[in-house]
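The values are calculated or read from the model by the stated rules, or taken from the named source; none is laboratory data. Fair warning: this is a prediction, and the values are worked out from it, not measured in the lab. Here the Cβ positions follow ideal geometry from the backbone for every residue, glycine too, while neighbour counts run over all protein chains shown. We work out accessible area using only protein heavy atoms, side chains counted, and drop any ligands, DNA or RNA first. Shrake-Rupley method; radii C 1.70, N 1.55, O 1.52, S 1.80 Å.
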Amino acid sequence: MPTRLKEVDVVIVGLGWTGGILAKELSEAGMRVVALERGGLRSTNPDFAIPQIRDELKYAVRNALMQNPARDTLTFRHSPSEPSLPMRQLGSFLPGEGLGGAGVHWNGVTWRWTGIDHAARTYYEQRHGKSFIPADMPIQDWPMTYAELEPYYDRFERTAGVSGKAGNLKGAKQAGGNFFEQPRERDYPLPPLEPSYSQTLFNDAAAQMGYHPFPRPCANASRAYTNPDGSRLGACVYCGHCERFGCEANAKGSPHITVIPKAMAQPTFELRPHSWVTRVMLDSTKKKAIGVAYTDVSTGEQFEQPAAIVTLCAYAINNVHLMLLSGIGTPYDATTQKGVVGRNYCYQPGSGGVGSVTLFFEDKIFNPFMATGAFGIGIDDFHANDAFDRAAMGALGGATIIVGQSNGRPIGYRPVPAGTPRWGAEWKKATAKWYQRAMNIGVTASNMPNRYNAFDLDPTYKNVFGQPLLRLTYNFVENDKKVIAYVGQKAAEIARSMKPTSMTGPGMLGDYNIVPYQSTHNTGGAIMGTSPGNSAVNKYLQSWDVPNVFVVGASAFPHNSAYNPTGPVGALAYWTADAIKSKFRNRPGLMT
Amino acid sequence: MKNNRRDFLKTVGTVGATGIAAAVGGETVIDGQSPAASDRPRPPGSPAAAPVSHAYTFLTAPEAAFIEAAVDRFIPADELTPSGTDCGVAVFIDRQLAGAWGSGDRTYMQGPWQKGVPTQGYQSPLTPAEFFRAGIAASNAYCRKALNKDFDRLTSDQQNNVLQDMEQGRISFDTVSAQEFFNLLLASAMQGFFADPVYGGNRDKAAWKMIGFPGVIAIYSEHIKTYRNKKYDVEPKSILDLS
C-alpha cells in the first residue's frame, strides 16, 4: 500500500524551468510547496566540472543528462493507419531529467514570440482571408496578447541573464536590434556576445541584400551578471559545450543556479528527487485533484502526496502523458476531431539541417569550436515580418535564417562538401581540409498544427510502471515543405552572395524521421485557449475540467513558432505563478 | 603484414585474444607493432606512443579481426593519421560493446517487436552488442559465400567493395539488416576515432590533430575576436591529459 503523506498547498511535478519558477514564486509567497523530480540532484560543482564535462561521447552521444527511454518512452507512426512502434533510443529530441531538467542542457536561445504567433488565426484571416487556412489546420489565437505577457517575458529575461539588443523600445525602432520584434518596455539585461567570424560575414551579406540582421537573444551571459533575485552568473567563455551539457562557468541561464536555490532557501519548500509521478489523483467527481501518486525510484516505495493545487511542470510531452493517464480532460480523437487533450502537437522543421546551407571557403578559417550554444546573427524578414507576403510562399508561418556557431565537437561536427564519401582516404582528406573552413546558415521553420498530428495512449506498449506509453502520430505536411523550400532558397541566395568555394543545401523536407537529432522543441498536446471546446487549459494554464490542476510548459502552445520555445515557456510560468498567488489562492475555482 | 594477427591466432589455437595480449605484451608479433605500423610517419609533435592494445574483452578473436579490418578501411593509415586500429578504434568499440551501451542501457527493450520503417528507428530485439555480434557473423558468412574467405582475409579492395555494398544496401543478410549494421559500425568507428582518448580510441589525439580541434580546455573569451579568420594552433588537451 502506498504511504499517504501530509497534505501541502502545492505539489509540483518536475523541477526544470517551469517547476523552478513556480517553486520559487509560490514558496516565497508562503505556500507550502513540495516538488517531485524524477531524476537526481545535481549542481555545477562537481557535476559539470572540467575536464569531465567536456566529454562529447558521454553527454552529446550517449545522452547522460537525458531521460532514459528504457523506463518510459513513446511510440511513433506517421499516420493513424500505420503501426506505432516504440522510440527505443533517443534521437530526434532529448528531454532532460534531473534537477533543472532541460534548463540545464539547453542552448539558451530566448525569444519573445511574435505578434503573429500570439494571434495566429486572427492574423491570417485578416491578412490573407479565411480560405488561406487549410481545413485540416486547426490554428487558433493564444488566449492572451503579447502586450499582456510582455512584463513576464521581461521577468524571464532578467532571471536567465539574456544577452541581446532591443529592436523596438516602446514602439521606437532601435538600430542593431530585431527590426520586426514587438515593442518591449526595456532592453535586454546584457549586451550581445561577440559574434563569430562566420556571423560577421553573414551580417554584412544580409545587410547588403536589404535584410535586417540582428543578434539572436541568448541566455549565454556576455558578462558576469547578478539577476534581480541575487543569483550570480559568470561570463560565457565561448567553450562550445552548451547543448547537451551543463555549464561549468554558470554562464548559461539555468534553473539550478537561479530559481531553484531560491526556492530551496524557503522553509515552506521541500524537494524530493527520484520521485516519479505516475498519476494525478482525482476525487469521485473527477472535477477535483486531491494530489499525486508517485514512486521513489531509488527505493521502489510508493507514496501519495495530497495537495490543494497540482502543477504539471514536466517536459511538454510528459505533461500530456500524465493528463491522459490521469483522466484529466477529454482525450482528442483525430477521426471525429472531438476532445482536446493530445491535439495540436507540433515540432520544428528545419532544425537539424534541412533547409539550411553549408558554405565552404578555401581561404577562410572559422574556428568552429569557439562557440556558444545560442549566439548568432539572424534575419526575421521571412518570419516575424508582417509585410512578408505568405501568398507568394503559398503557406502559413515562416522561418528564421540564422548563423549560429554552437560547437565544433568532432564526433558530431564534421562538414564536408557534397559528394564526399563517408569514410576512407578521401573522406579523411576532406575532413582534415574543411573542418575549419566551413560555416552554416540555418533555416528554422514554424510548424502549424494538423488534425492528424496528435498524441493519445498506446494500446500495446507499456512503461516500467505498467502504464501505457504515449503514442505520437506525426508527419510533416505540405505547408511545412513549402516554407522550407521557399525560405531555404532565400538562405541560398544570401549564401551565394558570400561567394563560397562551394556550398551544399538547402535540403528539401521529406517525411519526419524520429532517428536523427533535430530539436527538443516539442509543443502542444495540452493547448491553451478561450473555451473548453478549443483547449485543454485556459489562459492561466488551468485545466478546464479539473481547475486545481495547472499544466505549464510548451504543451500549452497551439502551434509552434520558428522561434525556440523557452522564452514564452518561462514567461508563462511567471504568468501562472502570479495568477495562482493573486487569484486562485484566495478564490479557488476556474479563473476568468 | 596485414593478416599477421589472424595468422598468429591460428597458430596458437584456442587461446583468447586477451590471453595473447597479456602473454606477448608489446612483442612485434602483434599486428599494431608490425613494421608497416612503426615505419609510418607520426604527426609532428606526437610523443612516442605506448604499444597499441589488442586486448579485447567482448570481441572474440575472429570478431576482433573483423573489426580491426573494417576500421582500417574506414580510417586507413596515411600522412594524416595512423590506421583506425593503431588509433585504438577497435579497442574503443570492444569497450563500448562490453559496457553499458552494448548491453542496451538507455534502450527500450520491451516487446512486441515489429520491423517498422526506417523513420521509426532501432526496432531489433537484440542489444547493441548482440546486434554487432550478429552483424559481424552475417558479414563473414556473406564474404565466405561470395569470396570464399572471411572479411579480414580479403584484399583491401575487396573489403572496400563489401563495405560499399553494405552501405548502399546492395547486399542483404538473413539475420540483421546489412545497411543498418554498416551504419552502426561506421558510427561507432567515428565515435572511437574522435572521442576523448580516455575511452581508448583517438590515441595520441591523432584525430583531433588531424582537424585542429583543441580539446577540452576551451576558454575563448578573447580568442572569439582575435582569432577571426586566423588559425588557432595549439597542442590539443584531452580529459586523459588533465586527469
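Could you tell me whether A:Pro80 is more than 24 Å from the chain's Cα centre (by Cα) and either not in a loop (DSSP other than H, G, I, E, B) or not polar (S, T, N, Q) (or both)? Even if it seems obvious, please write down each step before you answer.
Working: more than 24 Å from the chain's Cα centre (by Cα): yes; either not in a loop (DSSP other than H, G, I, E, B) or not polar (S, T, N, Q) (or both): yes.
For A:Pro80, the condition - more than 24 Å from the chain's Cα centre (by Cα) and either not in a loop (DSSP other than H, G, I, E, B) or not polar (S, T, N, Q) (or both) - is met.
In the stretch A:44-71, how many residues are at the interface with chain B (Cβ under 10 Å from one of its Cβ atoms), part of a loop (DSSP other than H, G, I, E, B) and in contact with a His (Cβ under 8 Å, 6 or more places away or on another chain)?
Number satisfying all stated conditions: 0.
Is there a residue in the stretch B:140-149 that is charged (D, E, K, R) and either within 17 Å of the chain's Cα centre (by Cα) or within 12 Å of chain A (Cβ to nearest Cβ) (or both)?
Within the stretch B:140-149, none of the residues are charged (D, E, K, R) and either within 17 Å of the chain's Cα centre (by Cα) or within 12 Å of chain A (Cβ to nearest Cβ) (or both).
Go through the stretch A:62-73 and report how many residues are surrounded by fewer than 21 Cβ atoms within 10 Å (Cβ to Cβ) and in contact with a helix residue (DSSP H, G or I) (Cβ under 6 Å, 6 or more places away or on another chain).
Qualifying residue count for the region: 1.
Looking at (1) more than 14 Å from chain A (Cβ to nearest Cβ); (2) open to solvent by less than 60 Å² (accessible area, probe 1.4 Å); (3) assigned to a loop (DSSP other than H, G, I, E, B); (4) modelled with pLDDT under 80, which one does B:Gly32 not meet, given that it meets all the others?
Status for B:Gly32: all satisfied but (3).
Cβ-Cβ under 9 Å, sequence separation 6+ or interchain: first residue in the stretch B:173-200 and within 12 Å of chain A (Cβ to nearest Cβ), partner hydroxyl-bearing (Ser, Thr, Tyr) and in a helix (DSSP H, G or I). Which pairs?
B:Phe182/B:Ser139; B:Leu185/B:Ser139; B:Gln191/B:Tyr199; B:Gly192/B:Tyr199
So which residues in the stretch A:149-189 are under 30 Å from A:Gly533 (Cα atoms) and free of Cβ contacts under 8 Å to residues at least 60 places away in the same chain, if there are any at all? Spell out how you get there, then give the answer.
Taking the stretch A:149-189 first, the residues under 30 Å from A:Gly533 (Cα atoms) are A:149-153, A:182.
Correct list: A:Glu150, A:Pro151.
Restricting the first residue to the stretch A:294-322 and requiring it to be closer than 28 Å to A:Pro588 by Cβ, which pairs with a second residue that is open to solvent by 30 Å² or more (accessible area, probe 1.4 Å) and hydroxyl-bearing (Ser, Thr, Tyr) meet a Cβ separation below 8 Å and a spacing of at least six or different chains?
Listed pairs, sorted by first residue: A:Gln302/A:Thr3; A:Phe303/A:Thr3; A:Glu304/A:Thr3.
With respect to the numbered conditions (1) within 28 Å of A:Met209 (Cβ to Cβ); (2) open to solvent by 30 Å² or more (accessible area, probe 1.4 Å); (3) in contact (Cβ under 8 Å) with a residue 24 or more places away in the chain, which one is the sole condition not fulfilled by A:Gln489?
Answer for A:Gln489: the failing condition is (3).
Could you please find all residues in the stretch B:201-220 being facing chain A (nearest Cβ under 9 Å) and farther than 25 Å from A:Glu248 by Cα?
Listed by number, the residues that qualify are B:Ala207, B:Met210, B:Ile211.
Going by the conditions given, is A:Ala425 within 30 Å of B:Gln191 (Cβ to Cβ), of a type outside the set (Phe, Trp, Tyr) and without any contact (Cβ under 8 Å) to a residue 12 or more places away in the chain? I'd like the intermediate steps shown before the answer.
Working: within 30 Å of B:Gln191 (Cβ to Cβ): yes; of a type outside the set (Phe, Trp, Tyr): yes; without any contact (Cβ under 8 Å) to a residue 12 or more places away in the chain: yes.
So A:Ala425 passes the test.
Every residue in the stretch A:258-287 that is of a type in the set (Gly, Ala, Ser) and surrounded by 17 or more Cβ atoms within 10 Å (Cβ to Cβ), please.
Residues satisfying the conditions are A:Ala263, A:Ser275.
Pairs please, first residue from the stretch B:221-243 and without any contact (Cβ under 8 Å) to a residue 60 or more places away in the chain and at the interface with chain A (Cβ under 7 Å from one of its Cβ atoms), second anywhere and open to solvent by 90 Å² or more (accessible area, probe 1.4 Å) and of a type outside the set (A, V, I, L, M, F, W, C), Cβ atoms under 7 Å, 6+ apart in sequence or on different chains.
B:Ile239/A:Gln52
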